[in-house]
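Asks: Below is a structure I'd like to ask you about.
What follows is calculated from the coordinates using simple rules that are stated; it is not laboratory data. Here the structure is a predicted model, which is why all the values come from computation and not from measurement. Don't worry about glycine lacking a Cβ; one is built from the backbone with ideal geometry, like all the others, and counts go over all protein chains shown.
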Amino acid sequence: MEMIIVGSVAFDSIETPYGKKEKLLGGSAVYASLAASLRTNPGIVGVVGEDFEDAHYDFLKSKNVDTSGVVKDKGNTFNWGGKYEEDMAQAYTLHTHLNVFEDFNPKINDDYKKAGYLFLANIDPPLQLAVLNQMTDLKFVLLDTMNLWIDIKKEELLNVVKKVNAISINDTEARQLSGEWNLIKAGTILQEIGPELVLIKKGENGTIVFYKNNYFIAPGYPTTATTDPTGAGDSFAGGFLSYLAKENTVDFETIKKATVWGNMIASFTVEGFGVEKLKTLTQEDISKRIDDFKKMISF
Ligand code: AMP
């Protein structure tokens with residue numbers, strides 16, 4: 001296994017100005033693994049409840065996602081309700097039911113333990129640490145998080161952030177975690193905690209990359225079809241890490257390409273409700289969008 005992902009496997013209830021849908025397959029690990037599956041065969045570490053159907057497993061498997069690290073427990077699958085208004089950069093959490101995640105104690109199988117690339121997607125920081133501690137052959141670890149954990153588990157979160165190579169975080173969370181409003185200063189403060197790579201996501205405005213002493217700025221692809229922004233951050237990060245895993249290289253040039261690759265996948269994700277767009281997305285679609293994008297940013 002080249003790359004594994006720990007994060008939420010969820011049912012989401014989502015409301016945007018374009019509609020309202022219940023019980024959609026979602027979760028940080030699901031979005032990230034579907035995005036990553038365009039370049040690698042990622043494995044998921046997670047837990048689902050008795051309400052998670054075989055059809056959901058079959059769908060993930062059909063997309064080259066390995067689900068042997070997903071356990072089924074008594075109770076219901078993690079459930080998140082979110083709402084977006086006209087400014088779709090801002091998600092309002094309506095409810096978070098951890099359900100089976102409350103007592104989850106991840107046990108990593110021998111195949112997964114040897115993965116070189118690990119994505120600690122958004123989930124309770126002690127769970128991220130429990131997975132990190134079991135890995136034996138790591139080359140590169142990326143961590144993502146959200147405002148909830150900065151609010152209620154900041155110390156535990158910082159304890160994991162210190163141990164990873166990279167973090168992916170949105171602008172609001174970067175300001176919150178660093179205590180600094182200026183994003184360039186915030187990125188540098190976050191690097192001082194430990195990670196040599198910090199990816200600050202600015203929604204439709206793209207990503208600022210801090211790698212060692214280098215910066216790179218990648219605008220987002222200007223789609224006019226945003227319908228549901230859920231999972232944009234997770235698809236960006238999953239796509240980003242899968243690019244490094246596939247190249248098996250971590251240097252500034254590869255990081256730049258991986259950032260654009262991740263941004264393009266995220267721009268597709270937001271064009272459909274839930275994981276709808278990721279169901280049919282191909283490498284060719286992404287390459288075509290990258291060609292368009294190159295024309296837009298060269299002068
Ligand atoms: P994002 O990429 O930030 O839009 O992530 C959206 C996904 O995060 C949704 O599919 C949710 O199921 C998931 N999510 C929301 N809150 C949490 C949480 N507290 N822990 C883990 N996953 C979450």
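Asks: Give me the number: length gained by fully extending A225 to T280, i.e. 0.36 nm times residue separation minus the C-alpha to C-alpha distance, one decimal in nm.
Replies: Result for the pair: 18.2 nm of gain on full extension.
Asks: Given the options A130, A266, A174, state which has the largest fluctuation in a GNM of the chain using a 10 Å cut-off (strictly under) for Cα springs.
Replies: Result for the chain, Cα springs under 10 Å: A130 fluctuates most.
Asks: Given the Cα-Cα distance of S62 and N159 and 0.36 nm per residue of separation, how much length would full extension add, in nm?
Replies: 31.3 nm
Asks: With a 10 Å Cβ neighbour count serving as the proxy for reagent exposure, in which order, fewest first, do D111, D171 appear?
Replies: The fewest-first ordering by Cβ neighbours comes to D111, D171.
Asks: Sticking with this one: For the range 14-87, what is the largest minus smallest coordinate of the Cα atoms on each principal axis, given in angstrom and ordered from greatest to least?
Replies: Each principal axis gives a Cα extent; for the range 14-87 these are 38, 33, 18 Å.
Asks: How much of the DSSP bridge set in the range 156-243 is antiparallel, in percent, rounded to the nearest 5?
Replies: So the antiparallel bridges amount to about 65 percent of the total.
Asks: Size of the dipole of the range 1-73 about the Cα centre, Lys and Arg at +1 and Asp and Glu at -1 on the beta carbon, nothing else charged, in debye to 20?
Replies: Charge dipole of the range 1-73: 300 debye, to the nearest 20.
Asks: Also, I was wondering about something else. I want the antiparallel fraction of DSSP beta bridges within the range 3-297, as a percent rounded to 5.
Replies: Approximately 45 percent, going by the DSSP bridge assignments.
Asks: HN-Hα J couplings of the range 106-112 from phi, Karplus 6.51/-1.76/1.60, θ = phi - 60°, integer Hz, Gly and Pro as x?
Replies: Once rounded to whole Hz, the list reads x, 10, 8, 6, 4, 5, 5.
Asks: Treat every Asp and Glu Cβ in the range 3-297 as -1 and every Lys and Arg Cβ as +1, leave all other atoms uncharged, and give the resulting dipole magnitude about the Cα centre to the nearest 20 debye.
Replies: 760
Asks: What value in Å³ per residue do you get for the convex hull of the alpha-carbon atoms in the range 1-147?
Replies: 114
Asks: Tell me the net charge near E196. Cut-off is 14 Å between Cβ atoms, E196 excluded, with +1 for each Lys or Arg and -1 for each Asp or Glu.
Replies: Surrounding charge for E196 is +2.
Asks: Could you work out how far the C-alpha centroid of the range 260-298 sits from that of the range 136-167, in angstrom?
Replies: 27
Asks: Between the alpha-carbon centers of the range 1-75 and the range 188-215, tell me the distance in whole angstrom.
Replies: One Cα centre to the other: 27 Å.
Asks: I've got another one for you. For the pairs K107/K202; K114/K279; K201/K279; K185/K288; K202/K288, note any where the Cα-Cα span goes beyond 26 Å.
Replies: Exceeds cut-off: K107/K202; K114/K279; K185/K288.
Asks: Separate question: Just add up the charged neighbours of N214: K/R +1, D/E -1, any other residue whose Cβ is under 12 Å from the Cβ of N214.
Replies: -1
Asks: Using label points projected 7 Å from each Cα along Cα→Cβ, tell me how many nm separate F299 and T93, to one decimal.
Replies: Each label point is offset 7 Å from its Cα along the Cβ direction, giving 4.0 nm.
Asks: Consider just the alpha-carbon atoms of the range 3-297 and return their Rg together with their Dmax, both in angstrom.
Replies: Expressed in Å, the Cα Rg and Dmax of the range 3-297 come to 17.4, 52.
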